[in-house]
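For reference, the structure discussed in these notes is given below.
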Amino acid sequence: MALYKNNTNNSIVFNQEEFDINRNYIPDFFIAVGSLDKNESIHIAIDLEETPVLFVLYFMKLIDSVKDSSITIYYKEDTKELKSALKGYGLKYINIDQFPFSLPDKQS
């Protein structure tokens, strides 16, 4: 599965494992985010070489709908295009290297 939820860290990691560009992952995100603690900071890592545009639109809606929660999203992709898209939607770019927890493929 490409989506890892960690209740202890109140985090979600989405990675390349079994990723299919044609699959709609928004319901998976919706369920995972909905089960996290909204009273704590939520950390989301997008560990993909290219971030699907649909994810960016979903994150904008997610952050708007959960105003009382602190949601931080980290991206592996480091391109002008992504940064420009995020800026256009009022979202901040944070590199995945700043993700405060171990990523699933880096855990031993």
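The values are calculated or read from the model by the stated rules, or taken from the named source; none is laboratory data. Predicted model only: the values in this text are computed from it and were never measured. Don't worry about glycine lacking a Cβ; one is built from the backbone with ideal geometry, like all the others, and counts go over all protein chains shown.
Do we have GLU40 as without any contact (Cβ under 8 Å) to a residue 40 or more places away in the chain and touching an Asp or Glu at 6+ places or on another chain (Cβ under 7 Å) here? No: the conditions fail for GLU40. Looking only at segment 87-103, residues that are closer than 18 Å to GLN16 by Cβ and part of a helix (DSSP H, G or I) come to 2 in all.
Residue check: is ASP105 closer than 11 Å to ASP47 by Cα and either of a type in the set (A, V, I, L, M) or at pLDDT 90 or above (or both)? So ASP105 fails the test. If you go through segment 24-51 and pick out every residue that is outside any loop (DSSP other than H, G, I, E, B) and either of a type in the set (A, V, I, L, M, F, W, C) or within 10 Å of the chain's Cα centre (by Cα) (or both), you end up with 12. Return the residues of segment 1-26 that are within 23 Å of LEU86 (Cβ to Cβ) and at pLDDT below 85; say none if nothing qualifies. Selection gives ALA2, PHE19, ILE21, ARG23, ASN24, TYR25, ILE26. For segment 52-81, a residue qualifies if it is modelled with pLDDT of 90 or more and in a loop (DSSP other than H, G, I, E, B), and the qualifying residues are LYS76, GLU77, ASP78, THR79. Right, SER84: among the hydroxyl-bearing types (Ser, Thr, Tyr), surrounded by fewer than 16 Cβ atoms within 10 Å (Cβ to Cβ) and part of a loop (DSSP other than H, G, I, E, B) or not? Considered against the rule, which asks whether it is among the hydroxyl-bearing types (Ser, Thr, Tyr), surrounded by fewer than 16 Cβ atoms within 10 Å (Cβ to Cβ) and part of a loop (DSSP other than H, G, I, E, B), SER84 comes out as no.
Taking first residues from segment 9-36 that are touching a residue at least 24 places away in the same chain (Cβ under 8 Å) and under 18 Å from THR72 (Cβ atoms) and partners that are among the charged types (D, E, K, R) and assigned to a loop (DSSP other than H, G, I, E, B), the Cβ contacts under 7 Å between residues at least 6 apart in sequence or on separate chains come to ASN10/ASP37; ASN10/GLU40.
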